[in-house]
Amino acid sequence: MNKWMCRSLWIMLSALVSLAGSAHAQTWTSIPMTVVAKQGTENLNALAPYALGWPTAAAPSKRRYLSSLESSLKGFRIRGYATSIGSGTDPHNELSSGFTNSVNFTGTEYGLVVYLPDGLLRLYQCLNCNTVNMQWSDFVVFNTPQDYYLYEVLVNSDGSFTVEVVNAVTSQIVTTVNVPKQSWLPNLYNTSGYLQITANHGVNDGGWPESVLHVDEIDILH
């Protein structure tokens, strides 16, 4: 075997090993949302697709899906869209999808949120959520979450986040945004917790009759 053939085989094997390592490093697994919670009288679908319209019950009311406890999470993604149609100025009326390490939502979280007044997609980070010691940060990552796409949140090994919006049909990346981890947030790479999707009617401020978070697939990254 001559040197050229040896070099060609080495390059081929190196490429195969690299591809195999990449595929193993990022494995998306679809999961069901097995726990349904609500305040109000709305009926929720037990299986995907989950279409969480803005709750019509008086505030505070919510529609919420919650997964079972999942381990070794490196991120999540949803396939779907969010629309915010209506009036009002209070951001406590919102649509969200994210990770929490507390089944009571009083721990550490990260995820995607759309405040209905502006309709923008943000990555949020939260520590001691829903307590008097809560710390919160959010950052705009996409302007048109009403587009039907894959919305991915990747947790990097240093605890920072990469948000990718991917065309659900062609698999082309529409946008990529890197967001640093807040100094007060623990490193949530490869941790255990729950996924949630929520429509929150937090304040009686305006009306949002056609606002909805539509999700027909939820995947976790191992």
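Listed here are the residues, each with its yes/no results for (1) assigned to a loop (DSSP other than H, G, I, E, B); (2) among the acidic types (Asp, Glu); (3) closer than 21 Å to residue 33 by Cα.
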| residue | (1), (2), (3) |
| --- | --- |
| 56 | yes, no, no |
| 63 | no, no, yes |
| 68 | yes, no, yes |
| 98 | no, no, yes |
| 125 | no, no, no |
| 129 | yes, no, no |
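Would you say residue 141 is assigned to a strand (DSSP E or B), under 20 Å from residue 194 (Cα atoms), modelled with pLDDT of 95 or more and within 14 Å of the chain's Cα centre (by Cα)?
No, not satisfied.
Specify the residue that is nearest to residue 126 (Cα to Cα); the eligible residues are those in region 146-159 that are in contact with a Ser or Thr (Cβ under 8 Å, 6 or more places away or on another chain) and not in a strand (DSSP E or B).
Top of the filtered list is 156.
Looking at (1) touching a Gly at 6+ places or on another chain (Cβ under 7 Å); (2) touching a residue at least 60 places away in the same chain (Cβ under 8 Å); (3) not polar (S, T, N, Q), find the lone condition where residue 181 falls short.
Failed condition: (2).
So if I check each of 115, 194, which one is at negative phi, hydroxyl-bearing (Ser, Thr, Tyr), crowded, with 19+ Cβ neighbours inside 10 Å and without any contact (Cβ under 8 Å) to a residue 40 or more places away in the chain?
115
Quickly run through region 151-163 and pick out the residues that are within 15 Å of the chain's Cα centre (by Cα) and surrounded by fewer than 20 Cβ atoms within 10 Å (Cβ to Cβ).
154, 156, 160, 162
Go through (1) in contact with a strand residue (DSSP E or B) (Cβ under 9 Å, 6 or more places away or on another chain); (2) assigned to a loop (DSSP other than H, G, I, E, B) for residue 183 and report which single condition fails.
Unmet for residue 183, out of (1) in contact with a strand residue (DSSP E or B) (Cβ under 9 Å, 6 or more places away or on another chain); (2) assigned to a loop (DSSP other than H, G, I, E, B): (1).
Can you say whether residue 21 is modelled with pLDDT under 95 and either buried (at least 18 other Cβ atoms within 10 Å of the Cβ) or closer than 24 Å to residue 216 by Cα (or both), as far as the supplied structure shows?
no
Which one is modelled with the lowest pLDDT, of the residues in region 45-54 that are in contact with a His (Cβ under 8 Å, 6 or more places away or on another chain) and part of a loop (DSSP other than H, G, I, E, B)?
Among them, the one singled out is 54.
The values are calculated or read from the model by the stated rules, or taken from the named source; none is laboratory data. Note that the structure is a prediction, hence the values are computed from the model and not measured. Cβ atoms come from the backbone with ideal geometry, glycine included; neighbour counts cover every protein chain shown.
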